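Visitor: One structure coming up, written as structure tokens, with questions to follow.
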Amino acid sequence: MKRTRCILLAGATAARRIRQEGLHQKQFSTLVGASGGPKWLVISQLDRVLMGEFFKGRREPIVTLGSSIGSFRNLCYAMRDPLAALERLEHGYINQSYTSSKPTPREITATGERVLQSVLGERGACEVVKNPLWHSHFVTVRGRGPLGSEKRALLAPALFASALANAVSRHSLSAFWERVIFHSDVSAAVEFGNLSTVNAALSARNVCAAVLASGSIPLVMAGVQNPAGAPQGNYRDGGITDYHFDLRFRHPHGLVLYPHFFPYMVPGWFDKGLSWRRVRGDAMASTLLVAPSPAFVAGLPGGRIPDRSDFYKLNPTERIRYWNRVVDLSRGVADDFHNIWQSGRVADHLIEVGCDEAPHKLQQVRAA
């Protein structure tokens, strides 16, 4: 199999269908976007191919499910001109600027809101809510007790306590956080079988607040208070419960397309250091994951993709130059996906991830 700059991981059901039918947009009923902050820049060119070519002329409704930066990206898919929206998002995100090297949570939140407002413009919120094809689902969490506070002295220890409880059992998160999903079509709502979950109707009045809340990292950003049409409370980053998602949610019949920056998935934010919590092959049964190959990532500046530490390790000029360079190089990932899709030889590039061999195969991918 020829080495490419992207890899395609498929669960058993997805692999079987793609081998039989080839790869085409009608197979997919759901598009997933993960949390990960600046990591998304390594697949922003892949989003362009998906928006502008793979899903071009879409006629059947499709659900998008995202948390944090995944919500920001998926917002663009639901706008009238998704490519222009993505360009505005990328430009605003890369060129964030602050008055000091240690901006306050409120300053970072205000910057994020300005970026979103520039993406949405005057009509964007209505376009997202009324889109007849792209049904948006933005995941947030509502903190319970001291986790609803903006006071660091209350928030920090409560956050630590929820992380410790999660290490014992992921189900314990419901004692600390309530997942709230803002979605545009009740009939298309994604259903989760784990953790306390509330659905809230997406409206033009709360689109910006919902997406902003979905990426509001505790202690880094301020929470979003009382979004319109949702239960009262302080809303924060949906990645706390659904960092990369565990993929066991109920979704419309069809396959799940997952453009991702990693060839593996971590269910929740607090699971990043818990190797035994990685999403296993059986959960991926109906999923096709498209990600940059490890070899491609190794060839990036510094041998890595961007992350939030760049705000602290690099000065603004260096960071912006580095991030723009990664975006430019990531055209290779998008081009290879496009070529694989158009060649009709997708089966030659699929890495099937089954229930038993998932850990072994994913390890092979990471080592490649």
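The values are calculated or read from the model by the stated rules, or taken from the named source; none is laboratory data. Predicted, not measured: the structure shown is a model, and the values here were computed from it. Cβ sites come from the backbone with ideal geometry, for glycine too, and all protein chains shown count toward neighbours. In case anyone asks, the SASA skips ligands and DNA or RNA and just uses the protein heavy atoms, side chains included. Shrake-Rupley method; radii C 1.70, N 1.55, O 1.52, S 1.80 Å.
Visitor: Pick from region 336-357 the residues that are touching a helix residue (DSSP H, G or I) at 6+ places or on another chain (Cβ under 6 Å) and in a loop (DSSP other than H, G, I, E, B): which of them is nearest to Arg48 (Cα to Cα)?
Guide: Per the criteria, the residue is His349.
Conditions (1) at pLDDT below 95; (2) in contact with a Pro (Cβ under 9 Å, 6 or more places away or on another chain); (3) surrounded by fewer than 19 Cβ atoms within 10 Å (Cβ to Cβ), marked per residue:
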{"residue": "Gly299", "(1), (2), (3)": "no, no, yes"}
{"residue": "Asp307", "(1), (2), (3)": "no, yes, yes"}
{"residue": "Lys313", "(1), (2), (3)": "yes, no, yes"}
{"residue": "Thr317", "(1), (2), (3)": "no, no, yes"}
{"residue": "Val333", "(1), (2), (3)": "no, yes, no"}
{"residue": "Gly344", "(1), (2), (3)": "yes, no, yes"}
{"residue": "Ala358", "(1), (2), (3)": "yes, no, no"}
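Visitor: Inspect all residues belonging to region 208-229 and state whether any of them is open to solvent by 40 Å² or more (accessible area, probe 1.4 Å), out of contact with any helix residue (DSSP H, G or I) (no Cβ under 6 Å at 6 or more places or on another chain), under 20 Å from Gly124 (Cβ atoms) and free of Cβ contacts under 8 Å to residues at least 60 places away in the same chain.
Guide: At the first step, the residues of region 208-229 found to be open to solvent by 40 Å² or more (accessible area, probe 1.4 Å) are 219, 225-226, 229.
In the following step, the residues that additionally are out of contact with any helix residue (DSSP H, G or I) (no Cβ under 6 Å at 6 or more places or on another chain) were identified as 219, 225-226, 229.
Among the residues that remain, those that are also under 20 Å from Gly124 (Cβ atoms) are: 229.
Filter once more, so that each one left must be free of Cβ contacts under 8 Å to residues at least 60 places away in the same chain: 229.
Checking region 208-229: at least one residue is open to solvent by 40 Å² or more (accessible area, probe 1.4 Å), out of contact with any helix residue (DSSP H, G or I) (no Cβ under 6 Å at 6 or more places or on another chain), under 20 Å from Gly124 (Cβ atoms) and free of Cβ contacts under 8 Å to residues at least 60 places away in the same chain.
Visitor: Let me ask something else about it. Say we look at region 267-297 and pick out the residues that are within 19 Å of Val190 (Cβ to Cβ) and among the β-branched types (Val, Ile, Thr); which of these is surrounded by the most Cβ atoms within 10 Å (Cβ to Cβ)?
Guide: Thr287
Visitor: Now for a different question. Within region 22-30, is even one residue in contact with a Pro (Cβ under 8 Å, 6 or more places away or on another chain), surrounded by fewer than 23 Cβ atoms within 10 Å (Cβ to Cβ) and assigned to a strand (DSSP E or B)?
Guide: So far as region 22-30 goes, yes, one or more of its residues are in contact with a Pro (Cβ under 8 Å, 6 or more places away or on another chain), surrounded by fewer than 23 Cβ atoms within 10 Å (Cβ to Cβ) and assigned to a strand (DSSP E or B).
Visitor: While we're here: Every residue in region 75-90 that is more than 15 Å from Phe261 (Cβ to Cβ) and of a type outside the set (A, V, I, L, M, F, W, C), please. Full working, then the answer.
Guide: Taking region 75-90 as the starting set, the residues that turn out to be more than 15 Å from Phe261 (Cβ to Cβ) are 75-89.
Tyr77, Arg80, Asp81, Pro82, Glu87, Arg88 - these are the residues of region 75-90 that are more than 15 Å from Phe261 (Cβ to Cβ) and of a type outside the set (A, V, I, L, M, F, W, C).
Visitor: Another question, if that's okay. Which condition number does Glu191 fail, the rest of (1) open to solvent by less than 50 Å² (accessible area, probe 1.4 Å); (2) over 30 Å from Thr104 (Cα atoms); (3) out of contact with any Gly (no Cβ under 8 Å at 6 or more places or on another chain) being met?
Guide: Only one criterion is unmet by Glu191, namely (1).
Visitor: So which pairs qualify, if the first residue must be in region 273-285 and of a type in the set (Ser, Thr, Tyr), the second must be modelled with pLDDT under 90, the Cβ gap must be under 8 Å, and the two must be at least 6 apart or on different chains?
Guide: Nothing qualifies.
Visitor: A further question on this structure: Filter region 170-202 down to the residues that are over 22 Å from Asn234 (Cα atoms) and assigned to a strand (DSSP E or B) and list them by number. First the steps, then the outcome.
Guide: Step one: of region 170-202, the residues over 22 Å from Asn234 (Cα atoms) are 185-191, 193.
Glu191, the sole residue that qualifies.
Visitor: OK, next. How many residues does region 203-251 hold that are outside any loop (DSSP other than H, G, I, E, B) and among the charged types (D, E, K, R)?
Guide: Adding up the residues that qualify gives 3.
Visitor: Something else now. Only one residue in Leu89, Leu65, Leu75 is under 27 Å from Val290 (Cα atoms), free of Cβ contacts under 8 Å to residues at least 60 places away in the same chain and either surrounded by 13 or more Cβ atoms within 10 Å (Cβ to Cβ) or among the charged types (D, E, K, R) (or both), so which one is that? Walk me through it before giving the result.
Guide: On the way: Leu65 fails: free of Cβ contacts under 8 Å to residues at least 60 places away in the same chain; Leu75 fails: free of Cβ contacts under 8 Å to residues at least 60 places away in the same chain.
Residue meeting the stated conditions: Leu89.
Visitor: What are the residue pairs meeting all of these: first residue in region 324-335, first residue within 14 Å of Val49 (Cα to Cα), second residue open to solvent by less than 10 Å² (accessible area, probe 1.4 Å), Cβ atoms under 6 Å, and 6 or more apart or on different chains?
Guide: Taking only residues 6 or more apart or on different chains, the pairs are Val327/Leu41; Val327/Ser44; Ser330/Val42; Val333/Cys6; Val333/Leu46; Val333/Pro292; Ala334/Leu46.
Visitor: Quick check, is Thr99 part of a loop (DSSP other than H, G, I, E, B) and open to solvent by 10 Å² or more (accessible area, probe 1.4 Å)? First the steps, then the outcome.
Guide: On the way: part of a loop (DSSP other than H, G, I, E, B): yes; open to solvent by 10 Å² or more (accessible area, probe 1.4 Å): yes.
So Thr99 passes the test.
Visitor: Hey, does region 103-113 have a residue that's over 29 Å from Phe311 (Cβ atoms) and touching a residue at least 40 places away in the same chain (Cβ under 8 Å)? Can you show your working first?
Guide: Initially, region 103-113 is screened for residues over 29 Å from Phe311 (Cβ atoms), giving none.
No.
Visitor: Would region 179-188 turn up any residue that is open to solvent by 30 Å² or more (accessible area, probe 1.4 Å) and either in contact with a Phe, Trp or Tyr (Cβ under 6 Å, 6 or more places away or on another chain) or without any contact (Cβ under 8 Å) to a residue 24 or more places away in the chain (or both)?
Guide: Yes.
Visitor: Going by the conditions given, is Arg48 within 11 Å of Leu255 (Cα to Cα), modelled with pLDDT of 95 or more and part of a helix (DSSP H, G or I)? Spell out how you get there, then give the answer.
Guide: Numbers: within 11 Å of Leu255 (Cα to Cα): no; modelled with pLDDT of 95 or more: yes; part of a helix (DSSP H, G or I): yes.
When the stated conditions are applied, Arg48 does not pass them.
Visitor: Also, quick follow-up: Would you call Asp307 acidic (Asp, Glu), in a helix (DSSP H, G or I) and out of contact with any Asp or Glu (no Cβ under 9 Å at 6 or more places or on another chain)? Break it down into steps so the answer makes sense when it comes.
Guide: Values: acidic (Asp, Glu): yes; in a helix (DSSP H, G or I): no; out of contact with any Asp or Glu (no Cβ under 9 Å at 6 or more places or on another chain): yes.
Judged against the criteria, Asp307 is not a match.
Visitor: Which is within 14 Å of Gly233 (Cβ to Cβ), modelled with pLDDT of 95 or more and of a type outside the set (Gly, Ala, Ser), of Arg152, Arg144?
Guide: Arg144
Visitor: Looking only at residues in region 127-164 that are closer than 16 Å to Ala84 by Cβ and in a helix (DSSP H, G or I), which one is most open to solvent (accessible area, probe 1.4 Å)? Quick ask: steps written out before the conclusion?
Guide: Step one: list which residues in region 127-164 are closer than 16 Å to Ala84 by Cβ, which gives 127-128, 131, 134.
Imposing the further condition that a residue be in a helix (DSSP H, G or I) reduces the set to 127-128.
Working: Glu127: 42, Val128: 0 Å².
Among residues in region 127-164 that are closer than 16 Å to Ala84 by Cβ and in a helix (DSSP H, G or I), the one most open to solvent (accessible area, probe 1.4 Å) is Glu127.
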